[in-house]
Each structure stands twice: as C-alpha cells, then as structure tokens.
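Contents: one structure, followed by commentary.
The values are calculated or read from the model by the stated rules, or taken from the named source; none is laboratory data. Computed from a predicted model, the values in this text were never measured in an experiment. Quick reminder, even Gly has a Cβ in these numbers, built from the backbone with ideal geometry, and neighbours come from all protein chains shown.
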Amino acid sequence: MKKLLIVILVFIICSAVMFSFSGISLSGKNSPSKLSGRDIVLQFVTYNGYGNNLFIDNILTGIQPETDVTVTSIVNIPYDTTYSVLQSGSDTITPVVSVANIGRSFIDTVRVHLVLNSGEYADDTVITSLFSGATVNISFNQLTYTIGSPLYFKAYTSLNTDSVRTNDTLNQYSIFLPGFRRNVLFEEFTSNASPSCANNNEELDRFINSNIQTVTAIKYHLPLGLSGRDTFYSANPQQNSERSRYYYGQSFPTTIIDGRLIAVIPYGDSLNLYGPYFKRLNLGSPLSMSVTDERVNGDSVKTTVNVNILSSLQPGNYRLRINAVERHIVDSATASNGEINFYDVFRRFYPDSNGFSISVAKGNYNFSYTYYREPSWVDSMIYTAAFIQNDNTREVINCAKGRNIIFNMTRKSGKVIRGKSDISQNGNLNPLNRQVLFSPDSIQSSLNIELFEAFFPPAGWRIYNMDGYITFDQFRGANGPTFGGSRSVFMDFFDYNIPGQKDSMYSKTYSGLLDSDTLRFDYAYAQYSSSYTDSLIVKISTDGGITFPTEIFRRGGLGLATAPQTTSFFFPLNNSQWRSFKFSLSGIVGVNGLSENLPSGFKLMQNYPNPFNPSTKIKYEIPVASNVTLKVFDIKGSETAVLVNKKQNAGVYEIEFKGDDLSSGVYFYQLVTDGFTETRRMMLIR
C-alpha cells in the first residue's frame, strides 16, 4: 500500500513539474475508481460469406419516456475536420438539423434552436405534429462562416413537457480547412471475356464521357477464370494483378470510386454511378493536382505532376501513383464477349504500382518521370493519369490526367445482367492484415439510443476493420421501423469478395442502466444463396469494452434472413423486411449499483474566479470512464494550452490554469469526452 501511495505521489509531482514548464499547473480531485455496474458496451461482429447485405439500426436501451424530443444531428455539416472547396475567405451553408421524437406521446409543437459560436449566428423554428418515433429534418436560415475558423454549434429543443432534459442539446465542433474542388477517380476491374462487362461498360463509358472534366478513369483488365484470356491483361499481367490484390481480388465488372465507394451494377441505372460520384465530388480536398505530358525523343513521354497541399494532410501513408492510360482502343478480334470499343485502358504504373511517397506537410511539390511509349500503344491516345492515395485507408485524396478526350458514343441494345459479377482468377487471394480504427467524434449525446442519422461512425463508436477494405458504413435510404429516419448501418456483403473476413463495430458506453431494462435493435438481411452465408454476432461488455463475455445474438444465413432470398443487391424496401431484436439486461447490469460518490452526468462548470489574473480553476464531472481532453483556445480559435489529454475514471476533477504568459482578453476552454463536448468562456484581465 505504501509503495502504491509513493508511486501516485511521484506521478503527481512529475505531472506538476511537466505542466509548470508550459505555464499550466494541475491539481486533480478524483473519486475512487469504481465500476458503476450499470454501464455496457456492445460489440457487433460480422463474418463475411460474400452473400447479401446486412442493415442495423436504432440501437437503444432503457425505458422509453412518455415525452422526449431530441436533436440527433446537424445533417449537412460534418463534425471535426473537413476540407472546403475554397482556398480562403468565407462560404455559406443552409444548416439542416435532424430532430426525433423518441417518447411515446405525440408532440403537437416543439421549438428547435441553432446557435453558432455563442451567438454569432442564432436561429430557431417550430415543428408541428411530431408523431412518436418520427424523425424530421429542418432547414435553418443560411449562415456564413470563415474558412479555417472553428465553428462551435449548439442545437437544442425547448419543450416544457419534455420528461428527459439531459438529451435536449447537441454540441458540435466543426472546422472547414482551406481546400480545393476535387476530381473523382473511377477504377474499374473488367475483362473482355466477361458478358457482364460487355453489358455494363457501355453505360459506364457514357457516364465518364459526360463528366470527363471532373472524372479520371482507369480500367484494369483481368482474365475470366483460370483459363480465361484478356489481351490487355496479357500485356501487363503483373501490375493488373497487383492492383486487383490491392483491393483484395476484384470480381468484375467492379468500379471503385476514390478507393472508398463501390458502384452497384447495373450501370444502366444512372443513380448507381451518379450517387457515389456526387458524394465524392462535393467533398473538398486538401490538395490540388495537375498533370502535363510532353513527347520527348520520339518514343517517350515526360510527365510532370504538380501537387499543391494547401492544408496539412491527416496522418497516413500517402502515395502518388502515375499511370499510362490508353484512351480508346478498337478491337473486334480478341474479345470473346462482344465488346469492340475499350476506353481508358490501363497500360503501366511508374515506376511501379507502389508509386512515390508524398509528404503530409503544406507546400507545392513537382514530380517528373519519363516513360517509354511501347510500340503497341497508339501515341495519340496515350495520356498520363495520376492520383494520390492513402494506403492506410485506400482513400484517393485527388486525381488528375494529362488531357481530356471525348468521343461521341452510340447506344447499342443489349440485356443488362443483374446480380453478382463474374469472378476473376484473382478473387481468392489471401488478404493482407491491416487495421483501421476510427476515433470517436465530438458530438454530445447522453441518450441510451443511437439512430445513426448523424455522420458515421457516431459519437463514441469505433470500427475495427482488419483488412482495411469493406466494413460497417452508413446507408442512406433505408431505416429501421422502431424510429423514423433515412439512414442506417450497412455491411456490404454483396461486394465483399473476401470470404471469412471479420469486422467489428463497438458502441459508445450505454450508461445508467437498470436490471429491468431491455436492449433493442433493428436489423434486415436477405440471403444471396445457400452457398453464400454471412453471420452476425452481438456481445456485451460490462468492463468498459475490455472483454465481451456475454453473447446475446448469433445468427447466420437463413437464420439471419428477414427478407426473401435474392441475387440482386438487397436493401429493405419496407418495414416488413426488418426484424427487431430484444434482450433483457436482467443479471447483466446491477439493480441499482451506482456509487453515491459518482456524478450522474457529464458537466463542465464555469471557471472560478472569472475574470482571473493570473490563474483560475476549472472543474468538470464525468460519470463513466472516458477519454478526456480539456483545451484552452484564444478568441481566434488557436489552441493555447492542453490541460488534459488521457483516459480518466468516473469522478470530479479540478484543474488550475495559469495564464502568466498570456495577454488580456477572452479565452475559451473546451471539454471533450466520449460522446460529450462543452465549451465555456473565460476572461483574463491584467
């Protein structure tokens, strides 16, 4: 015991010494570390069988109150850091806020408020006729924001009869960093031996030609089956196969957009191409690219790629990939599927498929490479396509090409093949082991419910994706029946051609539960066939997500199905294709179990004294163990000090902040935990 006290004392002294060098002193008051016995974390585990799609929605615990209205999200403003399409100045946006009635009673009138930066912008509106379980999106007046400046949003409801006031407010931090309009990379895996490719490629080529100014397209060719042939594949089998392995052995036709989205076939349905295209096109990029091609020595191409990084890139492994592409080839002799016109045919990576490493720092960079134009390539059709990709996530940050060539195309009739694509000989390659771990966002939500209407993953949730490829994502256009909305969680088994892969989704902490409470969630699934069976397992942790000993749900194949079998891309069309699962938490959580010494909720108190000179104290409370950051910002939003940045047990904490080296003025201090954010103002007077 004495040794433990000495260790703690040494830690406190060392911490105080460390903080004294930055002008900050720390003194913490923490109640004893105790598990409340009323907190759980959920783990959703899927095993891929390359079957059909799974949907999950409306995960909730606790007793549904009589009257309860909550703000679920600011629909069209991402939390945390994103990039603008502008390099400087200001921009405008019309905020859209999502509000849900999660109580049992009908609400005839509720007022909703939206405030930016403590009053810089303020607007409110009234919702009428909000039925139980309904979710509505409300548009507020247009606001103007400055590129690169922090945005602190506060959206809340005011309803006198609301029986749960702890979930009335949503606080969100956002910032739009300077950026550029992006081009969108379409990478297709195709084969001139595949009938499915023949029936889809014409529509894809038509789409690319219609959007040639903002689309860079590359077509990788693969053989169909072990004995199949493809002349474009045969010209460079190694690099075509390497790119296939990079995306874990694609079937075809498969089109991957910016390394993140997969276009659903048939391509004749324009929404299957325009949907992901606009989703990426409307996102700003932190960098711009341009490509210039120059013919040299009669048989070579000198390409120069200019990269302008305007805002520092997020941590990652960024690679510049330079490709020789042949815009149009007419070949009526070698294709066995009836195709004659082949567009944007991949020829070669330079110097290889790994490309060049890219710095994450702001700056202007030039890359030059001279490559040999092979005799079989038509000189007038060869151009260079370049893109920058984060190999940790496979996301393409931006792309460009050496020239734009447009051909007038004529439509030919043909049957569009629906269902799964043809399988490449590369389809069963062993995947690499990669880990992608999403960090929790900064949206406050003290509900024991998640509707998945905000940006994904939600507050306090995280995804473990071992292969770094397809995993849990958000789907717009399908919603579980328990509560209204338009979004849900989506696992794209249909396109996930790596059978046996395990993906996990971990929930935030559902806290303050009772022995009498029930866990509920909605799910939807359809089998592709009895040969392709996927599965879902749900487990519960009562130790903060360290172990998950309690399994409450295990279903797969036909046992998981909620809708009829289909070989088309499945998404639930109506409530009859969903099921709701319920599980009693009796014996899982304590009857009461909450220590009297622990706070009942997250809280950030006003500093005292305020105004102050030269020091002040900041007190906050956390009811459960959480990752905690407490930071100080000046009036311009620049970070001045980091007071806390670590995981802390439930308790009451008090921090002393010293502003010895700061000038007089207004400062902000912000507390961010797993699922809670609050900012307060303080004033230093000399």
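Can you find even one residue in the stretch 660-681 that is surrounded by 18 or more Cβ atoms within 10 Å (Cβ to Cβ), farther than 25 Å from LEU177 by Cα and not basic (Lys, Arg)?
Step one: filter the stretch 660-681 for residues surrounded by 18 or more Cβ atoms within 10 Å (Cβ to Cβ), giving 667-679.
In the following step, the residues that additionally are farther than 25 Å from LEU177 by Cα were identified as none.
Checked the stretch 660-681: no residue is surrounded by 18 or more Cβ atoms within 10 Å (Cβ to Cβ), farther than 25 Å from LEU177 by Cα and not basic (Lys, Arg).
Please go through the stretch 514-538 and give me each residue that is in a strand (DSSP E or B) and modelled with pLDDT of 95 or more, ordered by number.
Initially, the stretch 514-538 is screened for residues in a strand (DSSP E or B), giving 518-525, 529, 532, 535-538.
Selection gives PHE521, ASP522, TYR523, ALA524, TYR525, SER535, LEU536, ILE537, VAL538.
Going by the structure shown, is LEU143 touching a helix residue (DSSP H, G or I) at 6+ places or on another chain (Cβ under 9 Å) and either touching a residue at least 40 places away in the same chain (Cβ under 8 Å) or within 30 Å of LEU283 (Cβ to Cβ) (or both)?
Details: touching a helix residue (DSSP H, G or I) at 6+ places or on another chain (Cβ under 9 Å): no; either touching a residue at least 40 places away in the same chain (Cβ under 8 Å) or within 30 Å of LEU283 (Cβ to Cβ) (or both): yes.
Considered against the rule, which asks whether it is touching a helix residue (DSSP H, G or I) at 6+ places or on another chain (Cβ under 9 Å) and either touching a residue at least 40 places away in the same chain (Cβ under 8 Å) or within 30 Å of LEU283 (Cβ to Cβ) (or both), LEU143 comes out as no.
Here is a yes/no grid of residues against (1) part of a helix (DSSP H, G or I); (2) buried (at least 22 other Cβ atoms within 10 Å of the Cβ):
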position	(1), (2)
PHE232	yes, yes
ASN240	yes, yes
THR255	no, yes
ILE265	no, yes
ASP269	no, no
ASN272	yes, no
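So GLU551 ticks every box in (1) surrounded by fewer than 19 Cβ atoms within 10 Å (Cβ to Cβ); (2) not assigned by TED's automatic domain parsing to the domain that holds ASP473 but one. Which box is left unticked?
It is condition (2) that GLU551 fails.
Conditions first: (1) under 25 Å from the mean Cα position of the chain (by Cα); (2) crowded, with 21+ Cβ neighbours inside 10 Å. ILE93 passes all but one, so which condition is the exception?
With (1) under 25 Å from the mean Cα position of the chain (by Cα); (2) crowded, with 21+ Cβ neighbours inside 10 Å applied to ILE93, the lone miss is (2).
Pairs under 6 Å by beta carbon, first residue basic (Lys, Arg) in the stretch 306-326, partner part of a loop (DSSP other than H, G, I, E, B), six or more apart or different chains?
What qualifies is ARG319/GLY355; ARG319/ASP391; ARG321/GLY355.
Being over 22 Å from THR393 (Cβ atoms), touching a strand residue (DSSP E or B) at 6+ places or on another chain (Cβ under 7 Å) and of a type outside the set (Gly, Ala, Ser) narrows it down to one residue among ASN341, ASN297; which is it?
Details: ASN297 fails: touching a strand residue (DSSP E or B) at 6+ places or on another chain (Cβ under 7 Å).
Going through ASN341, ASN297 in turn, the sole match is ASN341.
What's the total number of residues in the stretch 533-557 that are under 14 Å from LEU54 (Cβ atoms) and over 27 Å from the mean Cα position of the chain (by Cα)?
Result for the stretch 533-557: 1.
Please enumerate the residues belonging to the stretch 262-278 that are at pLDDT below 90 and under 16 Å from the mean Cα position of the chain (by Cα).
Across the stretch 262-278, the qualifying residue is only ILE262.
Kindly provide the set of residues from the stretch 622-644 that are more than 25 Å from TYR510 (Cβ to Cβ) and touching a residue at least 12 places away in the same chain (Cβ under 8 Å), ordered by number.
So the first thing to find is which residues in the stretch 622-644 are more than 25 Å from TYR510 (Cβ to Cβ), and the list is 631-643.
Within the stretch 622-644, LYS631, VAL632, PHE633, ASP634, ILE635, LYS636, GLY637, THR640, ALA641, VAL642, LEU643 meet the criteria.
How do the pairs read when you match residues in the stretch 38-63 that are in a loop (DSSP other than H, G, I, E, B) with residues anywhere that are of a type in the set (Lys, Arg), using Cβ under 9 Å and keeping only pairs 6 or more apart or on different chains?
Listed by first residue and then by second, the contacts come to ASN48/LYS502; TYR50/LYS420; THR61/ARG520.
Tally time: how many residues in the stretch 449-464 are surrounded by 21 or more Cβ atoms within 10 Å (Cβ to Cβ) and either at pLDDT below 85 or assigned to a loop (DSSP other than H, G, I, E, B) (or both)? Write out each step before concluding.
Restricting attention to the stretch 449-464, the residues satisfying the condition of being surrounded by 21 or more Cβ atoms within 10 Å (Cβ to Cβ) are 449-455, 457-461.
Checking the rest, the ones that are also either at pLDDT below 85 or assigned to a loop (DSSP other than H, G, I, E, B) (or both) come to 449, 451-455, 457-461.
The qualifying residues number 11.
Yes or no: PHE180 at pLDDT 90 or above and touching a Gly at 6+ places or on another chain (Cβ under 7 Å)?
Here the answer is yes, as PHE180 does meet what is asked.
Does THR157 fit the bill of being surrounded by 17 or more Cβ atoms within 10 Å (Cβ to Cβ), β-branched (Val, Ile, Thr), part of a strand (DSSP E or B) and in contact with a strand residue (DSSP E or B) (Cβ under 9 Å, 6 or more places away or on another chain)?
Taking the combined requirement at face value, the residue satisfies it.
Failed condition for SER380, given (1) under 31 Å from the mean Cα position of the chain (by Cα); (2) free of Cβ contacts under 8 Å to residues at least 40 places away in the same chain, with all others met?
Condition not satisfied by SER380: (1).
Out of (1) within 22 Å of ARG165 (Cα to Cα); (2) assigned by TED's automatic domain parsing to the domain that holds ALA524, what's the single condition that is false for SER98?
(2)
Specify the residue that is surrounded by the most Cβ atoms within 10 Å (Cβ to Cβ); the eligible residues are those in the stretch 615-629 that are at pLDDT below 90 and touching an Asp or Glu at 6+ places or on another chain (Cβ under 7 Å).
The qualifying residue surrounded by the most Cβ atoms within 10 Å (Cβ to Cβ) is VAL624.
Can you go through VAL126, VAL85 and tell me which one is outside the structural domain of PHE456 (by TED's automatic domain parsing) and not in a loop (DSSP other than H, G, I, E, B)? Before the answer, list the steps.
Details: VAL85 fails: not in a loop (DSSP other than H, G, I, E, B).
Answer to the selection: VAL126.
Answer with yes or no whether PHE483 is closer than 24 Å to ASP391 by Cα and either modelled with pLDDT of 85 or more or part of a loop (DSSP other than H, G, I, E, B) (or both). Lay out the reasoning, then the answer.
Details: closer than 24 Å to ASP391 by Cα: no; either modelled with pLDDT of 85 or more or part of a loop (DSSP other than H, G, I, E, B) (or both): yes.
Against the criterion (closer than 24 Å to ASP391 by Cα and either modelled with pLDDT of 85 or more or part of a loop (DSSP other than H, G, I, E, B) (or both)), PHE483 does not qualify.
So, of the residues in the stretch 186-217 that are small (Gly, Ala, Ser) and within 29 Å of the chain's Cα centre (by Cα), which turns out to be surrounded by the most Cβ atoms within 10 Å (Cβ to Cβ)? Talk me through it step by step, then tell me what you get.
We begin by selecting, within the stretch 186-217, every residue small (Gly, Ala, Ser); these are 191, 193-194, 196, 198, 210, 217.
The next check asks that each one be within 29 Å of the chain's Cα centre (by Cα); those that pass are 210, 217.
Working: SER210: 14, ALA217: 26.
Looking at residues that are small (Gly, Ala, Ser) and within 29 Å of the chain's Cα centre (by Cα), I get ALA217.
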